[in-house]
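Student: Sharing a structure below in structure tokens format, with a few things to ask.
Here, each number is a calculation from the coordinates, and none is a lab measurement. Quantities reported herein were computed from a predicted structural model and do not represent experimental measurements. Cβ placement follows ideal geometry from the backbone for every residue including glycine, while neighbour counts extend to all protein chains displayed.
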Amino acid sequence: MQTLAQNLASQEVDASLTQLIHTLANTSKAISHAVRHGALAGVLGATEQENVQGETQKKLDVITNDMLKERLKDDNTVRGLASEEEDYIVEVGDKGHYLVCFDPLDGSSNIDINSLVGTIFSILPAPSGELSEASFLQAGRKQVAAGYVLYGPSTMLALTTGQGVQLFTLNPDTNEYLLTNDAMNISKDTGEFAINMSNQRFWEAPMQTYISDLLLGSIGPREKNFNMRWIAAMVGDVHRVLSRGGIFTYPTDNKNPHKPYKLRLMYEANPMSFLVEQAGGKASTGYENIMDIEPSEIHQRVAVILGSANEVDECLSYHGLDYSKEPLV
Ligand code: AFP
């Protein structure tokens, strides 16, 4: 089995990007170690702090954010970084070629119940000149690489540099990432959807109708039954979609008029959309491709519908239909 280094060399990935990917991969090994020690290392539970999202920070949110920030600061390929856990951008070095946006511990509300969590990262080219928040506001199409690390029964790194999606599994005996899938591919069709159903009454009509048709199964307009999963960690749900197909959505809702969307564009939706498209899937807000969005601020949120291309198209067809089509439930 190829190591991460061998695979990056075989893809002729640029030397400085290779260095940065190794920095992220090596940091994920330290994060995996911390996550696995959980209560034994006193890393569970919440802090007294809130992040810029107004969310109470878990101890591991802070620990993992600091681990990534410190190691990226020591990497001379990095110009700056943006994190879910940092209010503002962090300038790193004036010679770096890359900007890194990351969610250090996605799904952290799962950590206290020993469920799936992960790290998500997006790598953008660093523009020349003065660094500011505007330097980061690049559409997802500009990403040079993206990936996630899933801390599950095994620790897995899914990575794209624009040449498909490669999956690596961390060998716990050697602490080495080994290539276990050299071309992840999302089936065009699926019988599995992922959504937080508790928000159903807050969705827009097109999503209510689309989901109610899935629930009607073989007696409804889709004429087939569907299964549902919800991990409450995007990394886990997207990994399942990459592994066996599916559609994942966190649509807009009016539960909190001040927060119509949940997922963050720069370090959740964009990197996951890059991976999904590279694996033959689609990623949309319901009205536009996620990676075409011109960002307005680093912590902005968007609606997300991603996964099996034909199922995403089916969902989008409801968004193009006349809203007078009443929800069936
Ligand atoms: P946390 O990191 O705060 O646990 O949020 C995870 C997340 O951003 C994303 O990974 C999940 O898909 C989504 O939120 C789950 O949201 P709900 O808790 O509303 O289902």
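Student: Just rank Ser284, Ser308, fewest to most, by other beta-carbon atoms within 10 angstrom.
Tutor: Working: Ser284 22, Ser308 26.
Placing the least packed residue first, the sequence is Ser284, Ser308.
Student: As a footprinting exposure proxy, order Tyr88, Tyr318, Tyr250 by other Cβ within 10 Å, with the fewest listed first. Walk me through the numbers on the way to the answer.
Tutor: Details: Tyr88 12, Tyr318 19, Tyr250 22.
Exposure proxy ranking, most exposed first: Tyr88, Tyr318, Tyr250.
Student: So what is Rg over Rh here for the stretch 4-181, counting just Cα atoms and using Kirkwood for Rh?
Tutor: Working: Rg = 15.9 Å, Rh = 16.7 Å.
Reported Rg/Rh (Cα atoms, Kirkwood Rh): 0.96.
Student: Work out from phi, with θ = phi - 60° and the Karplus expression 6.51 cos²θ - 1.76 cosθ + 1.60, the ³J(HN,Hα) of each residue of the stretch 103-113, listed in order in whole Hz, and give x for Gly and Pro.
Tutor: Here the 3J(HN,Hα) series is 9, x, 9, 6, x, 4, 5, 7, 5, 6, 10 Hz.
Student: Relative contact order for the chain: what percent, with Cα pairs under 8 Å and sequence separation of 6 or more?
Tutor: Numbers: 695 pairs, mean separation 52.2, N = 329.
The value is 16 percent.
Student: So, one more: Each residue of the stretch 119-136 in order: what ³J(HN,Hα) in whole Hz does its phi give by Karplus 6.51 cos²θ - 1.76 cosθ + 1.60, θ = phi - 60°, with x for Gly and Pro?
Tutor: Result, ordered by residue: 10, 10, 9, 9, 10, 10, x, 8, x, 6, x, 4, 8, 8, 4, 4, 4, 8 Hz.
Student: Looking at the stretch 192-318, what % of the alpha carbon pairs are farther apart than 26 Å?
Tutor: On the way: 1152 of 8001 pairs.
In whole percent, the long-distance tail amounts to 14.
Student: If you line up the long axis of helix 205-216 against the longest principal axis of the chain, both from Cα atoms, how many degrees apart are they, to the nearest 10?
Tutor: Between the helix axis and the principal axis of the chain, the angle is about 80 degrees.
Student: Could you line up Tyr287, Tyr210 from fewest to most neighbouring Cβ atoms inside 10 Å? Mind dumping the intermediate values first?
Tutor: On the way: Tyr287 12, Tyr210 28.
Lowest to highest Cβ neighbour count: Tyr287, Tyr210.
Student: Per-residue HN-Hα couplings for the stretch 250-262, Karplus 6.51 cos²θ - 1.76 cosθ + 1.60 at θ = phi - 60°, whole Hz, x for Gly and Pro?
Tutor: Those phi angles translate into 10, x, 5, 8, 9, 4, 10, x, 7, 9, x, 10, 10 Hz.
Student: Could you pull out the GluC sites (Glu not before Pro) across the stretch 1-89 that fall in loop regions by DSSP (anything but H, G, I, E, B) with no more than 16 other Cβ atoms inside 10 Å?
Tutor: On the way: sites: Glu12, Glu48, Glu50, Glu55, Glu70, Glu84, Glu85, Glu86; in loops: Glu12, Glu55, Glu84, Glu85, Glu86.
Passing both the DSSP loop test and the Cβ count: Glu12, Glu55.
Student: Relative to the longest principal Cα axis of the chain, at what angle does helix 59-73 sit, 0 to 90 degrees, rounded to 10?
Tutor: 50
Student: From zero outward in steps of 10 Å, how is the percent of C-alpha pairs of the chain spread across the bins?
Tutor: Histogram of Cα-Cα distances, whole percents per bin: 6, 27, 35, 23, 8, 1, 0.
Student: With no solvent and one point on each alpha carbon, what is the Debye value of log10 I(q)/I(0) for the stretch 1-104 at q = 0.12, 0.20 Å⁻¹?
Tutor: -0.47, -1.04
Student: In debye, nearest 20: dipole of the stretch 192-318 around its Cα centre with unit charges on the Cβ of K, R (+) and D, E (-)?
Tutor: 480
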